[in-house]
1. Just to be sure, is Gln64 part of a helix (DSSP H, G or I) and surrounded by 10 or more Cβ atoms within 10 Å (Cβ to Cβ)?
2. Has region 20-39 got at least one residue that is outside any helix (DSSP H, G or I) and among the charged types (D, E, K, R)?
3. Out of region 67-97, which residues are among the hydroxyl-bearing types (Ser, Thr, Tyr), part of a helix (DSSP H, G or I) and out of contact with any helix residue (DSSP H, G or I) (no Cβ under 9 Å at 6 or more places or on another chain)?
4. Can Tyr57 be described as assigned to a helix (DSSP H, G or I) and of a type in the set (Phe, Trp, Tyr)?
Amino acid sequence: MRSPHAYHRPVANAYLERVRDRSLKRELLAMLAAVLALGGGLLAYTWVHTETLRVAYDIERLEQQLGRLEEQARALRLQVSSNTQPQRIEARARRELGMHPPSQEQTLYFEELLP
């Protein structure tokens, strides 16, 4: 059913010619440059932030390792100081090696060895 108000009219646009809009191309290139610059900036920020976090974690891990090593060095210094006491050395020599002070017969004097 056709409306009495609608009628078919042929479109005569054969005389129209398509003209490229050069300003549209410039706008598209400007928008692309802006998006690339913004994307590059965000990518650089993300990379810097990630590297900062990685370095912070490395520093934390190294500080913990330093603490453990300092504690170990302190324990080793304490062990060295206790093991170098003359009384402790003598007691260990007697106990583990069966050593004892030399008798008078075992003692040699330097003057006796000279001709």
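Readers should treat all values here as calculations from the given coordinates under stated rules, not as data from a laboratory. It should be emphasised that the depicted structure is a prediction, and the values quoted were computed from it without experimental measurement. When we count neighbours, we look across all protein chains shown, and the Cβ atoms used for this are built from the backbone with ideal geometry, even at glycine.
1. Working: part of a helix (DSSP H, G or I): yes; surrounded by 10 or more Cβ atoms within 10 Å (Cβ to Cβ): yes.
It is true that Gln64 is part of a helix (DSSP H, G or I) and surrounded by 10 or more Cβ atoms within 10 Å (Cβ to Cβ).
2. In the first step, residues of region 20-39 are kept if they are outside any helix (DSSP H, G or I); the result is 20-21.
With among the charged types (D, E, K, R) added as a condition, the list becomes 20-21.
Yes - at least one qualifying residue is present in region 20-39.
3. Of region 67-97, the ones among the hydroxyl-bearing types (Ser, Thr, Tyr) are 81-82, 84.
Subset that is part of a helix (DSSP H, G or I): 81-82.
Once the filter is applied, which keeps residues that are among the hydroxyl-bearing types (Ser, Thr, Tyr), part of a helix (DSSP H, G or I) and out of contact with any helix residue (DSSP H, G or I) (no Cβ under 9 Å at 6 or more places or on another chain), region 67-97 yields only Ser81.
4. Working: assigned to a helix (DSSP H, G or I): yes; of a type in the set (Phe, Trp, Tyr): yes.
Yes: the conditions hold for Tyr57.
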